[in-house]
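The values are calculated or read from the model by the stated rules, or taken from the named source; none is laboratory data. The structure presented is a predicted model; accordingly, all values stated were derived computationally and were not measured. Methodologically, a virtual Cβ is constructed for each residue, glycine included, from the backbone with ideal geometry; neighbour enumeration extends over all protein chains shown.
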Amino acid sequence: MFTVTNGTIETSGTLLLIGSLVIGGLIGEVIDLEEKIDHLGEKLKVLIKVQSDTKFVDGFVTATLVVCVGAMAVVGSIQDGLTGDPSMLYTKALLDGIIVLIFASVFGIGAIFSAIPLGIYQGLITLGAVLIAPYLTGALISELSYIGSALIFGIGINICFGKKIKVGNLLPALLVPVVYEIIIYFIR
């Protein structure tokens, strides 16, 4: 993460970012997570009977990745789980609605169905927040934020230049800082 201190740019967490992307990428490649997300998109396409829509799966996958990897999805869900305050999730829902509408205008109706995995993802984080509460630190939230930012950057590259990066396979990278912080917690 970049910070500006006394007029100079400093970095922190670079090794954790790289390690998270490598470890998460290996896990994602082994379980082929992106293919599973594509397969879910194909099943939805058949279920709602839009076989002629050639961009349905691309819209579903792209919108799903964008709305799931942001820091607000994680932080808002944790805030809701720990304090019962869903205000950040309400704000995120408004922003996601705008983003998904833009994606729907480009990719079609498939983007709208990103709400299904997003609901499951945020719901699981909200339910799990009580279990991980002792390990939540400002550092962990920052780590999740910059790893999420790197994944969103990869999505941007895919949108601009065609599918070059399997961002779906990099999603497990978001779990690496959590495991790292748990290990550090028990070492101290």
Margin query: So the check is Cβ under 6 Å with 6+ separation or different chains; which pairs have a first residue in segment 153-179 that's closer than 17 Å to Asp32 by Cβ and a second one that's surrounded by 14 or more Cβ atoms within 10 Å (Cβ to Cβ) and charged (D, E, K, R)?
Written below: Lys166/Glu34; Gly168/Glu34; Asn169/Glu29; Asn169/Glu34
Check: Of the residues that make up segment 64-78, is at least one surrounded by fewer than 21 Cβ atoms within 10 Å (Cβ to Cβ), in a helix (DSSP H, G or I) and modelled with pLDDT of 90 or more?
Finding: no
Check: With respect to Thr137, is the statement that it is touching a residue at least 12 places away in the same chain (Cβ under 8 Å), in contact with a Gly (Cβ under 6 Å, 6 or more places away or on another chain) and polar (S, T, N, Q) true?
Finding: no
